[in-house]
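Visitor: This is the structure I want to talk about, given as C-alpha cells.
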Amino acid sequence: MSYQTDISGVKFSNCIFNASGPLCESLKELEIIGKSKSAAITTKSCTLEERGGNPRPRYKDIQFGSINSMGLPNLGYKKYLDFVPRLKEFDKPVVISVSGLSLEDNLAMIESFNNSDADLIELNLSCPNIVGKPQIGYDFEQMDEVLSKVMAICKKPLGVKLPPYFDFVHFEQVANILNKHKVKFVSCINSVGNTLFIDPDNEEVVIKPKGGFGGLGGKYVKPIALANVRKFYELLDKDINIIGVGGISSGKDVFEFILAGASAVQLATIFMQEKESCFDRIEKEFNEYMSSKGYSSINEVKGKLKEFNKMDKIRIDPHVHFRDADQNYKETIAHGFSVANEAGVSYVFDMPNLLKPILREEDVITRLKLVPEDKKCNYFLYIGATSDEDQLKEAIRLVRDRREVIGMKMYAGRSTGNLAIINEEEQRKVYRILSENGYKGVIVVHCEKESYMKNIFDPQNPHTHALSRPKIAEIESLKDQIKFAKEYNFKGTLHVAHISCAESIEMVNENKKEMNITCGITPHHVIWSDEKLKGPHGNLYKMNPPLRDEEEVKKLQELLKQGKVDWIETDHAPHTVGEKLHSGFPSGYPTLHIYKEFIEKFLPSLGISEEQIDKLTFDNIINAFGLRL
Ligand code: RRO
C-alpha cells in the first residue's frame, strides 16, 4: 500500500521526495532521484547564469544534522529547462526550484519554465548563504512585491520555499501575504540560517565560507520545521498545500509532519547522508506506521494533531494483585500493566499474594526487579503486616523511606495467600506497635472475621461461597479494627479494602470524625450480585468478600453515588480458568479489564458526576496516601 498525495492538483504516488539542495544539481544526480523511490524530482535552486558556489569545504555532517554554505551552485536555469523532458521520462512530478538573484531574473526564469513540462515551480525566497543578499523571506515588503509580480506571470502552480519563522506575529504577516497572492503551496523550512558549528579540538569552524556561518539542517531543526508547518496550516487558506522539510529521517517523522498539516515532505540532510536508499526505507517505515494505526489515506491524518488532552485523566488503581515470579503463569507484572494501560489506569498499588509474601526489604527489592523498566515510576506496592514487632518496625521504615512502598496490608481474615492475622489479640498488637512507632501511613485491611465464616463451600454449588462468608463477617471485623485503632489512638489511616456491605460503609462514614478511616469498593461488588455464582461457571465469580445479593448491591450503588466511598479499587486478582473451574477453586477475579467501561459508562449511568469520578479514581487516593504525582 502506498499513500498518495496531491500538491495543487499534481498527483504524487507517495508523499516523500527530495528537497531542493543536496544531490540534485547535475543531470546524473537528478536521474538517480528519478530511478529512486522519491515521489518527485526536485532540482537544485537555479539562477539565470551558472554558479560555482562558495569555496569548499562548504558542507559538513555534524552530530545531529548538517551545516552548509553552498552558495547556490547550479548549472544555470537553461540546463534545467533542457533536463525537463528527460526527467519527465521517470513518470513522476518534476519540481523546478528557482532562486534568482533579482526579481527580473526570477521573472525571466519563470517565463521560460511556463513553457516547459515541469509540474511545479518552487520559488526559493530563503537561501541564507549568499554574501550581501538578505533572505527575501525575512523582508515582508519585498516578499509582497516579488509575489505580486511573479504570480501575475506564472502559469504553473507556484509555491514558495520559506525560511523558518519564530514569532507568531511574523507567521501572521507572512500568511497574509501568501493568502493574498494565492500561492499554491509552501515548502517549509529552509535551513536555519547563519548558525555556527565549532570544532573544539581544532578550535575552528567546520566550513570555509562566511567565517563558518551556515544553514543548519537535520535533526536539530525538526521541531522548528514542525512548528512552521503547523502554524502555516492554521493560518493559510485551506487550498494552499504545505510541504514539510527539516530533519526528517524516519517514517514516524513523516507521520508527525502530516499530522501537523503537511501534504507531503521533502528529504534533505538524510538524503545527503544515506543517499537515495533513504526514500525506500522511509516510505516503508511510514507505510507500516500508517497501516499499524489503521489509516488508509493521508487525508485521515493531515492536520489532525490533537491539543494536549486535558480530558486524559490520570487514574490510579490502589489495589491490584499482580502475580509474576512463582505465579507468572497467571500473569506477569508486564502483562498486568498492559491490561491497566488499556483500562486507562496509569498507576497501580500492588499487593502480591505470592507464596512468599512481601514482608522485608529484600522481598521489596526482589519484587521491584520484576517491574518493567518503563513502568518503574507507575508501580507501588504494599508491605504485608504481621504481628511480629521487628517485621512491623521494618515495614514502618520501608513505608517512610522507600517511595515505592506505599502502605501496609493486613489480612484480618484468611483470603488468597498465607498472610492472615486472625487472632484478635494479634490484630490489636499491630495497632499498638504502629501507634507506638508513630506510623502515620495507610494500613489497608481485609476485613472478614474468621469466627463468622462457615466451612460450607461446595464447588458443585458455587453460591455456597457467598453463604460461607456472610456480611456479618465483614461488619464484625470492621468493628474490631475501629475499636483497636481507637484504643491505641492510631494516627495513620485505616483503609477498609473492597467494602461489600452498606452497613460497613455507614460505619466507616460515622467514624470519619474521630479517626482517619477510608473505604474502597470494587467494580464487581457494584455491578454484579451473587446471582453470578448461581449461573454457569459460577466459580469464576468466587471472590473475597463474596458478591452480595441484589438488594445489597443497590444499596452499595446508592452509597457510592452519595459520596460515601473514598475510592474505586479493582482487587484485580487473576488465576487460570483451569484453577478457577477445576482445581483449587481460588477466590479472585481479574477486574482490571472491566475498569474502563465501569468508569466511563457504568458510574455515569448511576448519575455519578465526572468530578466525583475523578475523586474516586485519583484525588481521594493521593490525598490519603500523601502521594505527589
Ligand atoms: O546553496 C545553498 O547554499 C543553499 C540554498 Br540555495 C538554500 O536555499 N538553502 C541552503 O541551506 N543552502
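Visitor: Solvent-accessible area per residue for region 78-226 at a 1.4 Å probe radius, Å²?
Guide: The answer is 45 Å² per residue.
Visitor: Given region 485-629 reduced to its alpha-carbon atoms as identical point scatterers, what log10 I(q)/I(0) does the Debye formula return at q = 0.08, 0.16 Å⁻¹?
Guide: Here log10 of I(q) over I(0) equals -0.24, -0.90.
Visitor: Just to confirm a number: summing +1 for Lys and Arg and -1 for Asp and Glu over residues other than Glu510 whose beta-carbon lies under 15 angstrom from that of Glu510, what do you get?
Guide: +2
Visitor: Please report, to two decimal places, log10 I(q)/I(0) for region 15-148 at q = 0.11, 0.17, 0.22 Å⁻¹ as given by the Debye formula with identical point scatterers on the Cα atoms and no solvent.
Guide: Computed log10 I(q)/I(0) values: -0.39, -0.94, -1.39.
Visitor: Looking at region 413-497, I'd like the Rg to Rh ratio, where Rg is from alpha-carbon atoms and Rh is Kirkwood's inverse mean 1/r.
Guide: When Rh is taken as the Kirkwood radius, the ratio is 1.05.
Visitor: Once label points are set 7 Å from the Cα along Cα→Cβ at both Glu89 and Leu355, what is their separation, rounded to one decimal in nm?
Guide: 7.6
Visitor: So if I place +1 on the C-beta of Lys and Arg and -1 on the C-beta of Asp and Glu, and nothing else carries charge, what would the dipole magnitude of the chain be about its Cα centre? I want it in debye, nearest 20.
Guide: With Lys and Arg at +1 and Asp and Glu at -1, about 460 debye.
Visitor: Leaving out ligands, DNA and RNA, what percent of the accessible area of the chain is carbon and sulfur, probe 1.4 Å?
Guide: 50
Visitor: Okay, moving on. With N residues in region 257-410, what two-decimal value do you get for its Cα radius of gyration over 2.2 N^0.38 Å?
Guide: My calculation over the Cα atoms of region 257-410 gives 1.55.
Visitor: Restrict the search to region 194-280; then list the trypsin sites (Lys or Arg not before Pro) that DSSP places in a loop and that have at most 13 other Cβ atoms within 10 Å of their Cβ.
Guide: Passing sites in region 194-280 are Lys238, Lys275.
Visitor: How far apart, in nm, are two points set 7 Å out from the Cα along the Cα-to-Cβ line at His537 and at Glu203?
Guide: Distance between label points: 7.7 nm.
Visitor: Along each of its three principal axes, how wide is the spread of alpha-carbon positions in region 146-241, in whole angstrom units, largest first?
Guide: Principal extents (Cα only, largest first): 51, 27, 20 Å.
Visitor: Compare the Cα positions of Ile421, Ile406, Ala343 along the charge dipole of region 270-427 (+1 at Cβ of Lys, Arg; -1 at Cβ of Asp, Glu; about the Cα centre) and return the one farthest towards the positive end.
Guide: Among Ile421, Ile406, Ala343, the one farthest towards the positive end of the dipole of region 270-427 is Ala343.
Visitor: How far apart, in nanometres, would the label points at Asn179 and Ser451 be if each is projected 7 angstrom from Cα along the Cα-to-Cβ direction?
Guide: 8.0
Visitor: With a sphere of radius 10 Å drawn around the Cβ of Gly212, what net charge do the other residues whose Cβ falls strictly inside it have (Lys, Arg +1; Asp, Glu -1)? The partial results should precede the final answer.
Guide: Working: positive: Lys60, Lys208, Lys210; negative: Asp199, Glu204.
Charge balance in the 10 Å sphere: +1.
Visitor: Now for a different question. Please list, in order, the residues from region 460-488 whose amide nitrogen is less than 20 Å from a point placed 7 Å along the Cα→Cβ vector of Glu514.
Guide: 474-488
Visitor: Here's something else I'd like to know. Give, in nm to one decimal, the length gained when the segment between Glu424 and Ser297 is fully stretched (0.36 nm per residue of separation minus the Cα-Cα distance).
Guide: 39.0 nm
Visitor: Per the Debye formula with a single identical scatterer at each Cα and no solvent contribution, what log10 I(q)/I(0) holds for region 349-424 at q = 0.12, 0.15, 0.28 Å⁻¹?
Guide: So the normalised log intensities are -0.31, -0.48, -1.43.
Visitor: Dividing the convex hull volume of the Cα atoms of region 351-500 by its residue count, what figure in Å³ per residue is obtained? Don't skip to the end; give the middle numbers.
Guide: On the way: hull volume 18.3 nm³, N = 150.
Measuring per residue, one finds 122 Å³ for the Cα hull of region 351-500.
Visitor: Report, by chain and number, residues whose modeled amide H sits under 5 Å from the one on Thr195, excluding near sequence neighbours (fewer than 5 apart, same chain).
Guide: Those qualifying (amide H under 5 Å, at least 5 residues apart or on another chain) are Gly214, Gly215, Leu216.
Visitor: Moving on. How big is region 552-629 by Rg and Dmax over its Cα atoms, in Å?
Guide: Looking at region 552-629, its Cα Rg and Dmax stand at 15.2, 44 Å.
Visitor: Now a separate question. Give the residue from Leu216, Phe457, Val146 lying farthest towards the positive end of the charge dipole for the chain; charges sit on Cβ (+1 for Lys and Arg, -1 for Asp and Glu) and the dipole is referred to the Cα centre.
Guide: Val146
Visitor: Search the structure for amide H atoms under 5 Å from the amide H of Leu125, placed 1.01 Å from N in the peptide plane, and list their residues when 5 or more places away or on another chain.
Guide: Close amide H contacts, sequence-distant or interchain: Lys161.
Visitor: Mind ranking His575, His593 by accessible surface for me, highest first, 1.4 Å probe?
Guide: His593, His575
Visitor: Another question about this same structure. I need two numbers for region 1-86: Rg to one decimal and Dmax as a whole number, Cα atoms only, in Å.
Guide: 14.7, 45
Visitor: Based on the Kirkwood radius over alpha-carbon pairs, what value in µm²/s does the Stokes-Einstein equation return for the translational diffusion coefficient of the chain at 25 °C and 0.890 mPa s?
Guide: Calculated translational D: 84 µm²/s.
Visitor: Full extension from Glu550 to Phe166: what is 0.36 nm times the residue separation minus their Cα-Cα distance, to one decimal in nm?
Guide: Stretched fully, the Glu550-Phe166 segment lengthens by 131.9 nm.
Visitor: Ok, one more. Counting Lys and Arg as +1 and Asp and Glu as -1, each charge on the Cβ, what is the dipole of region 230-297 about the Cα centre in debye, to the nearest 20?
Guide: Computed about the Cα centre, the dipole is about 140 debye.
Visitor: Efficiency by 1/(1 + (r/R0)^6): what FRET value for Leu27 and Lys306, r their Cβ-Cβ distance, R0 = 35 Å, to the nearest 0.05?
Guide: 0.20
Visitor: Please compute, over every Cα-Cα pair in region 55-99, the percentage with a separation greater than 14 angstrom.
Guide: Summing the P(r) tail past 14 Å for region 55-99 gives 63 percent.
Visitor: Given 0.36 nm per residue, what is the gain on full extension from Val577 to Glu476 after removing their alpha carbon distance, in nm?
Guide: Contour length minus Cα-Cα distance gives 33.1 nm.
Visitor: Would you give the gap between the C-alpha center of region 420-454 and the C-alpha center of region 398-413, rounded to a whole Å?
Guide: 13
Visitor: Please turn the phi angles of region 336-353 into ³J(HN,Hα) values with the Karplus equation 6.51 cos²θ - 1.76 cosθ + 1.60 (θ = phi - 60°), one per residue in order, whole Hz, x for glycine and proline.
Guide: Going residue by residue, I get x, 5, 5, 5, 4, 4, 5, 7, x, 9, 8, 10, 10, 10, 9, 10, x, 8 Hz, with x marking Gly and Pro.
Visitor: With a 1.4 Å probe and every protein chain left in place, work out the accessible area per residue of region 336-387 in Å², rounded to a whole number.
Guide: 41
Visitor: Where Rh denotes the Kirkwood radius from the mean inverse Cα pair distance, what is Rg over Rh for region 228-297?
Guide: Rounded to two decimals, Rg/Rh equals 1.00.
Visitor: Round to the nearest 0.05 the FRET efficiency obtained for Gln273 and His593 when R0 = 51 Å and r is the Cβ-Cβ distance. Can you show the working numbers first?
Guide: On the way: r = 46 Å, r/R0 = 0.91.
After rounding, the FRET efficiency stands at 0.65.
Visitor: For region 69-79, take each phi angle, set θ = phi - 60°, evaluate the Karplus expression 6.51 cos²θ - 1.76 cosθ + 1.60, and give the result in whole Hz per residue in order, putting x for glycine and proline.
Guide: Computed from phi, the couplings for region 69-79 are 9, 5, x, 6, x, 6, 8, x, 4, 4, 4 Hz.
The values are calculated or read from the model by the stated rules, or taken from the named source; none is laboratory data. Computed from a predicted structure; not experimentally measured. FYI the Cβ positions are ideal-geometry reconstructions off the backbone, even for glycines, and counts take in every protein chain you see. Side chains included, ligands, DNA and RNA excluded: accessible areas come from the protein's heavy atoms. Shrake-Rupley method; radii C 1.70, N 1.55, O 1.52, S 1.80 Å.
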